[in-house]
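Report on one structure; see the data block that follows.
Since every read-out is calculated from the coordinates, none of them should be taken as a lab result. On a predicted model such as this, the values are computed, not experimentally measured, just so you know. Don't worry about glycine lacking a Cβ; one is built from the backbone with ideal geometry, like all the others, and counts go over all protein chains shown.
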């Protein structure tokens, strides 16, 4: 007996692939499991095509594509590929996006964090924006890194091991409370 799941468009996070250097194939497969909308750059499109991955959008001012049929193009103009893709996703009502990149500039993501759930995979880290009074269950000894400055930060279930780095003290929930609208944290993957 098999089970069938209907996945509605935009139900699963979109996938923005800006680069794939040293990104684990297994994790890429997990991100593609439910056939998300795939957006990429012209340079990375060739790698995705070689893997046999269906591309929905390519961010490029040149709409000449011989890789796959039915690919649409997002002109970049003067905007960065990140900004072009995130504007498109927010404007089209996507609730979340997974982003694979080798170059992390949090400023590229800060203004979008209030409109879309961002999960950024960068250099063996999973980075995401959290809101005030955030809590999450983690096993003891896990590392949490704060990538944004936080005023009046209060932590429970965490031990500060160096500036911006914390370890969970026990299996269970840790929490962060702070004054900013959100801050970015990172976990090892």
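Tabulated data
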item	result
Modelled FRET efficiency - R0 35 Å, residue 133 with residue 62, Cβ distances, 0.05 increments	0.15
Alpha-carbon centroid distance for the pair region 114-152 / region 45-93, whole angstrom	27 Å
From the coordinates shown, Cα extents along the principal axes in Å corresponds to which of (1) 53, 52, 30; (2) 45, 37, 30; (3) 47, 46, 26	(1)
Translational diffusion of region 14-123, µm² s⁻¹ [Kirkwood Rh, Cα pairs; Stokes-Einstein; 25 °C; 0.890 mPa s]	174 µm²/s
FRET E, pair residue 124, residue 154, Förster distance 25 Å, beta-carbon r, rounded to 0.05	0.35
Per-peptide average of other Cβ atoms within 10 Å, ordering 140-153, 122-135 highest first	122-135, 140-153
Stretchable slack from residue 26 to residue 145, in nm (0.36 nm times residue separation minus alpha-carbon distance)	40.4 nm
Between helix 81-91 and the chain: long-axis angle, C-alpha atoms, 0 to 90°, nearest 10	90 degrees
Relative contact order, percent, the chain [alpha-carbon distance under 8 Å, six or more residues apart]	18 percent
Förster radius 41 Å - calculated FRET efficiency between residue 161 and residue 92 (Cβ-Cβ, nearest 0.05)	0.50
DSSP-defined beta bridges in the chain - what % are antiparallel, rounded to 5	60 percent
